[in-house]
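Below: the structure, in structure tokens.
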Amino acid sequence: MGVVGCTAPGNDKIIAFIDGARVGQTWIVTKHGYYDFSGSARVGPGTHTLKLVWFAAGRELKTLTTTVTG
């Protein structure tokens with residue numbers, strides 16, 4: 001997953017949540033365009049909600065929510 005569509009180029013913090021629980025975060029540099037990143041988290045069987053939230057300068061820029069299967 002990458003940051004295509006993130007609204008502000010620069011240094012962004014991305015926080016990942018699964019089913020509402022924070023499972024990780026990373027810092028990325030998007031000032032040069034598209035940036036790939038990856039992460040992993042253990043989930044049980046069934047359907048889960050993955051939410052990624054982009055932050056820059058202390059404010060939320062974008063939220064992406066999708067369904068994943070464990």
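The values are calculated or read from the model by the stated rules, or taken from the named source; none is laboratory data. Remember, it's a predicted structure, so these values are computed and weren't measured experimentally. Heads up, the Cβs are rebuilt from the backbone with ideal geometry, glycines too, and the neighbour counts pull from every protein chain shown. With ligands, DNA and RNA removed, areas are computed over all heavy atoms of the protein, side chains included. Shrake-Rupley method; radii C 1.70, N 1.55, O 1.52, S 1.80 Å.
What the table shows:
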item	result
Meets criteria (open to solvent by less than 100 Å² (accessible area, probe 1.4 Å) and either modelled with pLDDT under 90 or touching an Asp or Glu at 6+ places or on another chain (Cβ under 9 Å) (or both)) for residue 16	no
Every residue from segment 53-68 that is over 12 Å from the mean Cα position of the chain (by Cα) and under 14 Å from residue 17 (Cα atoms)	67, 68
Filtered residue count, segment 19-60, keeping only those that are modelled with pLDDT under 85 and touching a Phe, Trp or Tyr at 6+ places or on another chain (Cβ under 6 Å)	1
Within segment 1-13, tally of residues that are under 23 Å from residue 67 (Cα atoms) and either open to solvent by 70 Å² or more (accessible area, probe 1.4 Å) or modelled with pLDDT under 65 (or both)	7
Pairs, first small (Gly, Ala, Ser) in segment 42-66, second in a loop (DSSP other than H, G, I, E, B), C-beta under 8 Å, six or more apart	44/70; 46/70; 56/8; 56/10
